[in-house]
1. Let me spell it out: the conditions are (1) within 13 Å of Y14 (Cα to Cα); (2) surrounded by 16 or more Cβ atoms within 10 Å (Cβ to Cβ), and R53 meets all of them except one. Which number is the exception?
2. What's the number of the only condition in (1) in contact (Cβ under 8 Å) with a residue 40 or more places away in the chain; (2) touching a helix residue (DSSP H, G or I) at 6+ places or on another chain (Cβ under 8 Å); (3) outside any helix (DSSP H, G or I) that I83 fails to meet?
3. Can you find, within region 72-111, the residue that is nearest to N140 (Cα to Cα) among those that are more than 11 Å from the chain's Cα centre (by Cα) and hydrophobic (A, V, I, L, M, F, W, C)?
4. Please go through region 56-75 and pick out each residue that is surrounded by 24 or more Cβ atoms within 10 Å (Cβ to Cβ) and hydrophobic (A, V, I, L, M, F, W, C).
5. Can you name every residue in region 42-68 that is assigned to a loop (DSSP other than H, G, I, E, B) and within 13 Å of the chain's Cα centre (by Cα)?
6. Of all residues in region 69-80, count the ones that are in contact with a helix residue (DSSP H, G or I) (Cβ under 9 Å, 6 or more places away or on another chain), assigned to a helix (DSSP H, G or I) and in contact (Cβ under 8 Å) with a residue 12 or more places away in the chain.
7. State the number of residues belonging to region 88-135 that are assigned to a strand (DSSP E or B) and either surrounded by fewer than 17 Cβ atoms within 10 Å (Cβ to Cβ) or of a type in the set (G, A, S) (or both).
8. Kindly establish whether V34 is touching a strand residue (DSSP E or B) at 6+ places or on another chain (Cβ under 7 Å), in contact (Cβ under 8 Å) with a residue 40 or more places away in the chain, more than 22 Å from G132 (Cβ to Cβ) and buried (at least 18 other Cβ atoms within 10 Å of the Cβ).
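The values are calculated or read from the model by the stated rules, or taken from the named source; none is laboratory data. A quick note: this is a predicted structure, and the numbers were derived from the prediction, not measured. For neighbour counting, all protein chains shown are included, and Cβ atoms are generated from backbone atoms with ideal geometry for every residue, glycine included.
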Amino acid sequence: MVKNVALGCDHGAYQQKVFLKTFLENLGYNVLDVGCDINEKVDYPDIAYAVCRKVVTESCDRGIMLDGAGIGSSMVCNKVRGIRAALCYDLKTVVNSRMHNNANVLTLGGPLHKADELSLMVRTWLETPFEGGRHIVRINKMMSIERGGLN
């Protein structure tokens with residue numbers, strides 16, 4: 001069960017992060033805000049890495065990273081060993097990222113979505129379980145590649 005969520009953004013998605021932090025806390029999640037602050041212009045790789053570190057060290061169950069389009073953050077997050085980040089853009093990709101790919105970090109283009117879309121996507125992502133079964137073999141292969149190749 002997901003309880004602790006690392007949440008971060010770059011300066012272009014600050015408003016969406018603030019909205020989601022309040023939304024998630026109202027749902028009962030413990031939200032660890034790793035940045036950024038409204039007054040700081042940041043490079044998204046720094047914040048994306050901070051989100052991922054919270055997930056891989058197990059201080060947070062999952063992570064959410066917001067930037068202008070979600071693309072750059074997804075690329076950064078997937079460089080971190082143990083992270084399976086999914087750039088999602090609608091409800092179908094959100095559900096797929098959890099059920100089939102067991103994503104542990106969600107990246108979103110914050111400004112690309114309305115508040116109600118963001119809240120529905122994030123809540124669905126946090127509540128959707130990994131289906132397991134036939135997908136476990138694929139997840140194991142994915143993680144094997146991360147360790148240096150298919151075994």
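1. (1)
2. Just one mismatch for I83, condition (1).
3. M99
4. C60, I64, M65, L66, listed by residue number.
5. In the first step, residues of region 42-68 are kept if they are assigned to a loop (DSSP other than H, G, I, E, B); the result is 42-43, 57-61, 68.
Once the filter is applied, which keeps residues that are assigned to a loop (DSSP other than H, G, I, E, B) and within 13 Å of the chain's Cα centre (by Cα), region 42-68 yields C60, D61.
6. Matching residues across region 69-80 total 5.
7. 1
8. no
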